[in-house]
1. Assign one of three labels to the chain, namely rounded, prolate or oblate, based on the Cα gyration tensor with a ≥ b ≥ c the square roots of its eigenvalues; rounded applies when a/c is under 1.5, prolate when it is not and a/b is larger than b/c, and oblate otherwise.
2. Working with all protein chains in place, sort His150, His198, His440 by solvent-accessible area computed with a 1.4 Å probe, largest first.
3. Can you tell me which aspartates and glutamates have their Cα less than 13 Å from the Cα of Lys735? Leave out same-chain residues fewer than eight positions away.
4. Within the range 63-94, list the residues whose amide N lies under 16 Å from a label point set 7 Å along Cα→Cβ of Phe107.
5. Report the local net charge at Phe528: Lys and Arg +1, Asp and Glu -1, summed over other residues whose C-beta lies under 11 Å from its C-beta.
6. Rounded to a whole number, what % of the accessible area of the chain do carbon and sulfur atoms account for, probe 1.4 Å?
7. Give the peptides 707-717, 210-220, 741-751 in descending order of average Cβ contacts within 10 Å, highest first.
8. Per residue, how much accessible surface does the range 195-255 expose to a 1.4 Å probe? Answer in Å², no decimals.
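The values are calculated or read from the model by the stated rules, or taken from the named source; none is laboratory data. Source: prediction; values computed, not measured. Here the Cβ positions follow ideal geometry from the backbone for every residue, glycine too, while neighbour counts run over all protein chains shown. Accessible surface areas use protein heavy atoms only, side chains included; no ligands, DNA or RNA. Shrake-Rupley method; radii C 1.70, N 1.55, O 1.52, S 1.80 Å.
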Amino acid sequence: MNESDTRLKLIDPVLNNREWTLDQIRTEYYYTDGQIQVIGKKTKRGHAKKVDYLLDYKPGKPIAVIEAKDTSHSVEDGLQQGMGYAADLDVPFAYSTNGCGFIEHDFITGHERSLDMEEFPTPNELWRRYFTEKKFAPDKEALLAQSDYHEPGSRTPRYYQEIVINRTVEAIAQGKKRLLVVMATGTGKTFTAFQIVHRLKASKTIRKVLYLADRNFLIDQTITGDFKPFHDVLHKVNGRKMDSSYEVYFSLYQQLIGENGEERFKEFQPDFFDLVIVDECHRGSASQDSAWRTILEYFSSAIQIGMTATPKETKDVSNIDYFGDPIYTYSLKQGIEDGFLAPYKVIRVRLNIDESGYVVEEGETDDKGNVIPSGEYGSQDFDRVLVVEDRDLEVARRITEFLKETDRYAKTIVFCVDIDHARRMRQALINENADIVKEHPDYVMQITGDNKEGKDRIDDFMDPESKFPTIVTTSELLTTGVNCRTCKVIVLDNRFGDQGMTKFKQIIGRGTRIAEEYGKTYFTILDFRNASRLFADKDFDGEPVSIYEPKPGDPVASSRHSGSGLEPVPSPTDPSKDPQKHTKYFVHGVDVYVSQEQVQYWINGKLITTDLLTYSRDNVLGEYSSLTEFITAWKVADRKKAVLDELESRGVFLEELRQEPGMDGVSDFDLICHFAFDQRPLTRAERVRNVKQKGLLAEYSGVARSVLEALLDKFATENIPDFDDVALLDVPDLKEKFGGPVPIVKAFGGRQQFIDAAQRLENLVYAA
């Protein structure tokens, strides 16, 4: 029985005696999946977060966590750890125990107290304290105690979804009428909204619901997806007549307003709906001068919940002003760190024409004979004012080259400046991929608001089982709401303007969903317009990151330089100032080529350059300032693997270092000593030969000596870090030869004697 089993078995009888049932106890509950690290072309998951016990009053209503230590610890030793888990999970009570007593922290009152084992609270005692300390009205108990919707085999809410659901329900119980929820794209906003509606309806708090969106496919995928359990009482508003016989209504704003501005929503009484949910509420629904705002104001007696990935704050629009501060924010950064969202790598492709600009002399004409305003045009002008055909061709060539290097059937979205640009990019990509297109004409498609054929194929693009279309070009239509789990490539060929951050976040969200069963664990951003400069903006998603853009002659990688890259060249003409006179100018015959390229990876919450060797070395030196310090830590560590795991969690990528020339067959210990401290590495085989020349093996005989020799041989071929790991004795080759752990340990005279011998061997290996 391991330590975890021992300490948890001390708690189980206590909980059973205090009326906690099996369906109220989540033992060793993992509440994150572990962050995915992108290392070269490989990915690896980090450690998931786990709490010893999460106690639920009702399903979906966690109320306490317990951190359990064994009897060698004091009762207080696990309290701060347990409080950290409780803060993550937003539960009101945290406990620490060593099996001899409990200490409790009450997050509502801020008080702590000690308890005997038999004094641990029952579920009803904790619920009454929570209900009383929060000062809820007695008639709100049915709402607050309502469980989530769940059918056998269906998914249950993740921890942050539970937090959103419970905070929303609590806010409504306290009388709040307008609420804002901020959840990153791909984190399940509609599933969370469904659970909120279920709880409110099941507790008879509400009856009639209106779900508003501004795009038809958003409504359709919600009706057939997360809200499907409501199918008997659900209605999608269409046609001219408003049917009042349903309970859950889905509608486009446009259906309720009408083409000529008629306010069709007024066919319902102002108090008809008890709840209004506004999907993607950043897109103008809360703007004071928006026609859509009139719908919200008309149904102002209803509870109104705004849901968005990108709350909008401008001088004209403020969702926070309308809905209030978010009751909870689950960011893209947090989703990646928890392992629920895919990390990304960024390839910044710089074209010579974007760097140097395109100069038009006085009187110069375009391909159509139009006189082009003279001046210097930069990347912000291309395809918006000046169309350089050769630039389209070079972008299409580089996209195709990347797909050929990786996966030509990776779902790819190319975000363009406008519909005309999307049309041209479709054609350029078709010509670059004619070998596939001749067999599959829908390999590349344009999906824009004016293109019916493309819009009709959105479902095929989102379907993981559908191979085609593979590459789609768009401008605005696919920036939000498209749930393409297998999208592996996002191409940015639009710079984004004053309102770019909201749009940029939405676009990045097209790639953040994970589909491990289809080989999608991260995605790649191909950036042709320096749009990824927005990653360094404080408004993106937390702390700014450092982005290095080398100048000609500079080294490709630097860990010290920060900056957002090239500044835009002033435009000779700005169509936004006089849109009526906006003319696009078309030119060709320009020499366009890739002038430089840089790759960055998302690692531990920030973007770094491709120089993983330097990055790894710097992180080793950040932990160990000298070779002596590292060797000392290595020698005294009970488990060498723990040292390696800690270094890897800090950004030391041993497998990537092992790809360097001459590193095949080198141990992890030697890799670190070589790359961080400039030591000559020995191969594992060399270390084994050195050990066999020593006298240690001569001190053992029979099976014991054979086992030690087998461990050495295994180290020479498989890079085992810990010789004294008893689990090694259970691997097939050793088990077949020596019978497994029990007879092997017996040959040494006992478990401790085996561990002592293995540790002596291990010390000799690393000293050689």
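1. oblate
2. Most to least solvent-accessible, the answer reads His150, His440, His198.
3. In chain and number order, there are no partners.
4. 63-67, 79-94
5. -1
6. 47 percent
7. Packing proxy ranking, top to bottom: 210-220, 707-717, 741-751.
8. 43 Å²
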